[in-house]
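We did not get these values from a lab; they are worked out from the coordinates using the rules stated. A quick note: this is a predicted structure, and the numbers were derived from the prediction, not measured. When we count neighbours, we look across all protein chains shown, and the Cβ atoms used for this are built from the backbone with ideal geometry, even at glycine.
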Amino acid sequence: MVLMKMKFPFQKRVKLAQGLWLLSWCATVAGAITFTLGCILKTELRRRGEVMDNTDIHIVPNTLMIVGLASLGINYFAGKIGQDALDAGKFPRWKSLLKPYFAISSFFTVLMLLAVIMSYAMKGSLESSLKVGLRNGIRFYKDTDTPGRCFQKQNIDRLQMEFQCCGNNDFRDWFEVQWISNRYLDFSTKEVKDRIKSNVDGRYLVDGVPFSCCNPSSPRPCIQYHLMNNSAHYNYDYQTEELNIFIRGCREALVNYYMGLMNTIGAGVLSVFLLQASVLVSLRFLQTAMEALAGNENTEIETEGYLLEKGLKETIMEYLDPVLRFLLLKNQVQEGEGPDNTVNI
Amino acid sequence: MCIVPVHTESAEAVRLAQGLWLLSWLAVMCGAFVFSLGVYLKIELLRRAEVMENTEIHVVPNILLLVGLASMGTNWMASRVCQDSMDMSRFPRWKVLLLAWFAVAALLCCLLVAVVVLSYALQGRLEESLKIGLRNGIRFYKDTDVPGRCFQKETIDRLQIEFRCCGNNNYKDWFEVQWVSNRYLDLTSKDVKDRIRSNVDGRFLLDGVPFSCCNPASPRPCLQYQLTDNHAHFNYEYQTEELNLYARGCRQALTDYYMGLMNSTGPGVLSVILIQISVIVSLRYLQTAVEGAMALENPEDESVGYLLEKGLKETFEELKAKVLDMVKLAQVDPTTSEVSPEAQEAEKGDNATKTPSPPPAS
């Protein structure tokens, strides 16, 4: 059961080889582009690494970089093999390499597809990582004198200004933590003492947000403190006020940003995947067409090319057998049992 | 490379033509580079056009755009001339244009030098323009309900955040204007009434700044209001407090930014000038060599190329005389009969003094 048999007259073989050479160079450039895209994504993820709790999401750019580098090698060899294919003298030296070559290149091509799928699948992991990271950032906002946490304030401020967001889910997250350091609180005043006594942990909680939550598009000067108190400000109603501070939460803003980036990169990588797959398919057809020619003196006859000699399932088993034998020692055990059985009978 | 193989001269002339062809294409790329520099600079200036009062500084990117386009065309023509220089039949049609080409190319080099000089010379004008523009922006900050000025607040806020600056010269500029709109002032409260009465114009002035002046690098939450009152905030002394607000003024910040931008383009423009000059010199040598070869009987003989036929001073005198001749002829033409014998004698005299130029020495 041969998969996708096609007839190849001489002219068609020549054109296939030429097309393969051109395609392999395009695919090499595409591989370099994939590597660059992986680097860009990695850089962007590292820039905001401080508000992420874990680095699980980094597997996407890492895979892209590996696949990009591998595809440079794969397509370079595809070009060389394509060049040598029409020359009956040079082609045989590639024969022994072709089976492992196809195995490795199929593996990396499938890995490319997996990277794109992962970028969608890992959205939930990214969100939970950001949730924990931002919660810590907000909690340690006031600790500008604690080594290791002294830059949290600056990071969170710049993040909120750049992504135009406030808090984790929304601005109310700031009401639940003490974000003003004790160094700047006058403990002798009544107001401070009341607030500290008003909750179990003795924290100074305010219904206010840092200045980085302020929205420049607001028509009025920014109201940061006493946000829930309508009478504290003239002509102010917190239920209808929309433009004063940023409404969006930073987690949502960052997830949207990274998903947008990964969608764009994913679209590019999908087209690179299609290009790579077409290179491999053309090379396979060229190889089988040239092999059918073997031993024939007349190189201009028509030959048949195919994708797979046996069916898909049998081919996969054929490739996996040596791997399984190496890993599981499966066949060695079976060989050992055979002779014993026959003796007992 | 030069594809025309007909009637080659000495090997050196051929190499010169090939080298010049490459050089002129490099010069075309440089022209494109200069053009894109001009586009980039123009876009950056237009982005902040709202805080600039006049557009005098735009002369720098405008010249860059013009020179970039002109030099792409000029150097493309140089490559065509070089391609045809190897072919005796096609070269003569360029002869007429070459003088004009040299004039245009020299003008382009002068313009590029002028751009470099202008980018330093116009710094004062840029500062003046920014000073007035920012002053207006700060004055109209509160007018978010006045058509035509309603975006000043957002513009100034985003500018102060992006360039990390506050006010025109420094943050105290905000103390002198009313930047809180009357719509948000409770005119019945005592504090507001006191402040309004405290000055002649009846403005609500305070020693406070907008939130966009706040510095994220400060270790304490931002203090925006009552900045000169040490008792209003715990553990605060305004004379020693450095990190709370941005210390730099926006005029300084913007001037530094634009000067930095124009300075960094300086070396690029200077190397473009050098490349253009080398194209001019090489083309002159090629032109004189080919013309000399065309004058010789045997095209395989060596011909000599030169920059100027006579010395620099004599060439200049000759050019001046030619120009004056053209002017004189234009003036003399209406009164032909009486003046003509004298004019002919004068011309003869001129021809006698101008001894025929020695043929190019082989």
Hits among aspartates and glutamates - C-alpha to C-alpha of A:LYS99 under 18 Å, sequence gap 8 or more where chains match: A:ASP84, A:GLU291, A:GLU309, A:GLU314, A:GLU318, A:ASP321
Cysteines (scope chain A) whose Cβ has no counterpart Cys Cβ under 4.7 Å: A:CYS26, A:CYS39, A:CYS150
Charge dipole magnitude, Cβ of K and R +1, D and E -1 - chain B, Cα centre, debye nearest 20: 1460
Shape of the stretch A:85-148, Cα gyration tensor, a/c cut at 1.5: prolate
Cα gyration tensor shape for the stretch A:206-321, rounded if a/c is under 1.5, else prolate or oblate: prolate
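For B:SER79, B:SER119, A:SER106, A:SER231, which order do you get if you count the other beta carbons within 10 Å of each Cβ and list the fewest first?
A:SER231, A:SER106, B:SER79, B:SER119
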Excluding exposed DSSP-loop GluC sites (Glu not before Pro) (at most 14 other C-beta within 10 Å), longest clean stretch of chain A: A:1-241
Pairs beyond 26 Å (Cα-Cα), from A:LYS15/A:LYS80; A:LYS95/A:LYS310; B:LYS95/B:LYS313; A:LYS131/B:LYS153; A:LYS15/A:LYS90; A:LYS193/B:LYS172: A:LYS131/B:LYS153; A:LYS193/B:LYS172
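Could you compute the FRET efficiency for A:TYR257 and A:LEU69, with r as their C-beta to C-beta distance and R0 at 22 Å, rounded to 0.05?
0.25
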Computed Rg/Rh of the stretch B:27-89, alpha carbon atoms with Kirkwood Rh: 1.27
In nm, spacing of pseudo-spin labels at B:ARG93 and A:ILE59 (7 Å Cα→C-beta vector): 6.8
Label-point separation, A:ASP186 to A:ASP321 (7 Å along Cα→Cβ), nm: 8.8
Most mobile of B:MET88, B:MET52, B:MET72 in a GNM of chain B (Cα contacts under 10 Å): B:MET88
Selection from A:ILE59, A:THR34, A:SER105, by position along the positive dipole direction of the stretch A:16-127 (Cβ): A:SER105
Set of aspartates and glutamates with alpha-carbon distance to A:LYS142 below 15 Å, sequence-local pairs under 8 removed: A:ASP157, A:ASP173, A:GLU176
Between helix A:312-328 and chain A: long-axis angle, C-alpha atoms, 0 to 90°, nearest 10: 70
Point-charge dipole on Cβ atoms (K/R +1, D/E -1) for the protein assembly as shown, about Cα centre, debye to 20: 1840
Relative contact order of chain B, defined on C-alpha pairs under 8 angstrom at six or more residues apart (%): 19
The stretch B:126-252 - percent relative contact order, Cα under 8 Å, separation 6 or more: 30
Stretchable slack from B:THR55 to B:LYS193, in nm (0.36 nm times residue separation minus alpha-carbon distance): 45.5 nm
Whole-Å distance, taken between Cα centres, linking the stretch B:95-119 and the stretch A:186-262: 61
Residue order, fewest to most surrounding Cβ atoms within 10 angstrom, among A:VAL177, A:VAL281: A:VAL281, A:VAL177
Rounded FRET efficiency, nearest 0.05, which uses the C-beta distance separating B:ASN169 from B:GLN239 and R0 of 30 Å: 0.95
Positive-end extreme of charge dipole, the stretch B:126-252 - chosen from B:TYR184, B:PHE211, B:ALA232 (charges on Cβ): B:TYR184
Crossing angle, helix B:123-139 versus chain B [Cα axis fit, 0-90 degrees, rounded to tens]: 30
Residue (of A:LEU286, A:HIS233, A:GLY249) at the positive-pole extreme of chain A, dipole from beta-carbon charges: A:HIS233
Förster radius 35 Å - calculated FRET efficiency between B:TRP25 and B:VAL146 (Cβ-Cβ, nearest 0.05): 0.05
Sum of -39500 (n - 2.57) over DSSP H runs of 4+, divided by residues of chain B (222 nm, nearest 500): -20500 deg cm²/dmol
Over 30 Å (Cα to Cα) - which of A:LYS190/B:LYS193; B:LYS42/B:LYS322; A:LYS123/B:LYS42; B:LYS42/B:LYS320 fall in this group: B:LYS42/B:LYS322; A:LYS123/B:LYS42; B:LYS42/B:LYS320
